[in-house]
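Before any comments, here is the structure.
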Amino acid sequence: MTVLRASALIAGEGLAPLHLQLLGGATVCLVGGDAQLRSAYLRSLAGAQYPLGGEVELLGHKLSTLDDSRWLALRCEVGLVTREAPLVSSLGVVRNVMLPAMYHGLGSRGEIAKRARTWLERLGFAGPAELLPAFLPERERKIAALARALMLSPKLLFVDDPLYGLHGAQAQRIAQALYECCRELDCTLVYATDDDAFMRRHAEQILFIAPPAPRLFASWQTFHDAPDDEVQRYVSEFRTEARAFD
Amino acid sequence: MRTRIDAITGAVGRRTLGLVLYPVDLAAFILRTFQDWRQHNRRYNRAAASSLLAQLIFTGVDALPTIALIGVAVGFGLVAQLISLMDVFGGAREMVVVLSQIVVLETGPLLTAILIIGRSSSAIAVELGYMTLNKEVEGLWLLGVNTNALLVAPRLLATAVAQLSLAVFFTVIAVVSGVVFAAAFLAPSYINFLAELTLAFTPIDLILFVAKNLLFGIIAGATACHHGLQVERSPTEIPQQTQRSIVSAISLIFVTDGLFAVMRL
């Protein structure tokens, strides 16, 4: 089943239109040297911002035709974790994770709290879950933001590289756990990342965002071996950065 | 020279239009908020109820000691002085009318509203400003949460209920402490005013008292939320919007109070 269809989508100046169709349950990685441009495409695909041109259809709903209340209803099925991954600063971590399910009335308080703790544990949360986000390390805050998105059991989850500031091995462990959670939920994962280990292992498609046009590759290997100067520059630069980071 | 004059007249025009349009803008914001609240709370919403309860505790319960202290101070400073002045210029009947009309129906709601604006509305504006700046509000939208229903409506309702309850609490404390003070230091017979005061209000007075206080509370909450959510990019916008929300709320409350006074004439 097609969960996302983009027709002639333009989200960055000077880039050719993108035509894209994603099937349910797939794992797609969004890569590209310019994080802002990548974010613009991810947000446009997720319906969180108006694109410069083109049309996006999520789970059969054309975004341009949705009113506010139908757009909000769609957000229960389509998650987006932004790069900043902000939590509500006045609520403790568990209450933050519980909040969307509580708001949408998805079970009793006890059930929701149990589910929240399960997702936090699955993603490797290791801090005191009652603390306010400001008192927790960045790693735990990012995990909580991911767990909060999973609470609604989305059919499609867009993740804009919230793990970018974490140590390589830590980020890889969280990304691996996120992938497993998405598989369990049969959720399509669209993940903006530079984590090549993740891409090698799990990416079923790679969307490379760079001038002159966004390109789609069937796997990490085809992406890696592509006779494309931009791709090769990205691969070599990113590998140097990744080594320096580790 | 002409360009400079155009700029000045343009600025004056924009500010005047802004002043006229501001209440319209705020009214639309309030209506939209309650519309969203009704739409998203058809069944009991625990997250919104919890937000409402937290705001009620902060705006209402936590403010009780301060309100009590100011109530006693107003009782000693204003009510007792009014009683001693009226003793010279008027009779007992006029004294009851002055106390009921000036202290209970005018000063109590106004002073309570000013306290709520200074204490709670400023806190709401700062809190929502930081939430908007840190993209917490956007994060909630992306989870399908209507932030008007979850963040704004509970704050509006809480400030309205808190304003009404605190105004009652404030006027009772101010009148009782003032009368007791006057009875203790001027003439013990003044204590009888307390019984007479309870019979001094007509049903219209009571309806206007409730309506005025609820409206004051909604104005205090709405201006705070409206300005808090207008913060966009910079932390420097937060104090600017907070200050605007305080000034706007106080101005609107005095204008509303004037309109209520005209209605009662």
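The values are calculated or read from the model by the stated rules, or taken from the named source; none is laboratory data. Quick caveat: nothing in here was measured; it's all calculated off a predicted structure. So basically every Cβ, Gly included, is an ideal-geometry build from the backbone, and we count neighbours across all protein chains shown. The protein model used for the area step is the full one, side chains on, heavy atoms only, and it has no ligands, DNA or RNA in it. Shrake-Rupley method; radii C 1.70, N 1.55, O 1.52, S 1.80 Å.
Annotations
- Residue count for the range A:67-82 under the criterion of being surrounded by fewer than 19 Cβ atoms within 10 Å (Cβ to Cβ) and farther than 11 Å from residue A:47 by Cα: the result is 6.
- Annotation note: of A:88, A:81, A:3, the sole residue that is free of Cβ contacts under 8 Å to residues at least 60 places away in the same chain, of a type in the set (A, V, I, L, M) and in contact with a Leu (Cβ under 7 Å, 6 or more places away or on another chain) is A:88.
- Applying the condition of being hydroxyl-bearing (Ser, Thr, Tyr) and within 10 Å of chain B (Cβ to nearest Cβ) to the range A:52-108 and asking which residue is nearest to the chain's Cα centre (by Cα) yields A:82.
- Hits in the range B:62-112 - residues which are within 22 Å of residue B:246 (Cα to Cα), touching a Leu at 6+ places or on another chain (Cβ under 9 Å) and of a type in the set (A, V, I, L, M): B:63, B:64, B:67, B:70
- Considering (1) modelled with pLDDT under 90; (2) within 28 Å of residue A:76 (Cβ to Cβ); (3) under 25 Å from the mean Cα position of the chain (by Cα), the lone condition that residue B:42 does not fulfil carries the number (3).
- Qualifying positions in the range B:64-84 - open to solvent by 40 Å² or more (accessible area, probe 1.4 Å) and either without any contact (Cβ under 8 Å) to a residue 24 or more places away in the chain or more than 20 Å from the chain's Cα centre (by Cα) (or both): B:65, B:69, B:73, B:76, B:78, B:81, B:84
One line per residue, one yes/no per condition, for (1) assigned to a helix (DSSP H, G or I); (2) among the acidic types (Asp, Glu); (3) closer than 22 Å to residue A:179 by Cα:
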site: A:71; (1), (2), (3): yes, no, no
site: A:80; (1), (2), (3): no, no, yes
site: A:86; (1), (2), (3): no, no, yes
site: A:90; (1), (2), (3): no, no, no
site: A:95; (1), (2), (3): yes, no, no
site: A:112; (1), (2), (3): yes, no, yes
site: A:130; (1), (2), (3): no, yes, no
site: A:142; (1), (2), (3): yes, no, yes
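- Matching residues in the range B:224-243 - criterion: being surrounded by fewer than 17 Cβ atoms within 10 Å (Cβ to Cβ) and within 16 Å of the chain's Cα centre (by Cα): B:243
- Each residue in the range A:109-134 was checked for being away from chain B (no Cβ under 11 Å), surrounded by 15 or more Cβ atoms within 10 Å (Cβ to Cβ) and touching a residue at least 24 places away in the same chain (Cβ under 8 Å), and 11 of them qualify.
- Scanning the range B:45-54 for residues that are modelled with pLDDT under 90 and either open to solvent by less than 50 Å² (accessible area, probe 1.4 Å) or more than 10 Å from every other protein chain (Cβ to nearest Cβ) (or both) yields B:45, B:47, B:48, B:49, B:50, B:51, B:52.
- Hey, residue A:88 within 20 Å of residue A:40 (Cα to Cα) and open to solvent by less than 60 Å² (accessible area, probe 1.4 Å) or not: no
- Taking each residue of the range A:169-181 that is open to solvent by 60 Å² or more (accessible area, probe 1.4 Å) and looking for partners that are hydrophobic (A, V, I, L, M, F, W, C) with beta-carbon atoms closer than 6 Å, six or more apart or interchain, yields A:172/A:197.
- Cβ-Cβ under 9 Å pairs, at least 6 apart or on other chains, the range B:140-155 side facing chain A (nearest Cβ under 7 Å), far side hydroxyl-bearing (Ser, Thr, Tyr) and not in a helix (DSSP H, G or I): B:142/A:82
- Wholly enclosed helices (runs of 4 or more DSSP H) of the range B:99-174 bearing at least 1 residues of a type in the set (Phe, Trp, Tyr) and either open to solvent by less than 10 Å² (accessible area, probe 1.4 Å) or closer than 30 Å to residue A:149 by Cα (or both): B:122-133, B:136-141
- Screening the range B:190-203 for residues that are free of Cβ contacts under 8 Å to residues at least 60 places away in the same chain and open to solvent by less than 70 Å² (accessible area, probe 1.4 Å) and picking the one that is farthest from residue B:91 (Cα to Cα) gives B:202.
- Segments classed as strands (runs of 3 or more DSSP E), wholly inside the range A:144-246, with at least 3 members that are aromatic (Phe, Trp, Tyr): none
- Residue B:210 meets all of the listed conditions (1) under 24 Å from residue B:80 (Cβ atoms); (2) without any contact (Cβ under 8 Å) to a residue 60 or more places away in the chain but one, namely (1).
- Residue that is within 14 Å of another protein chain (Cβ to nearest Cβ) and under 27 Å from residue B:250 (Cβ atoms), where the choices are B:57, B:30: B:57
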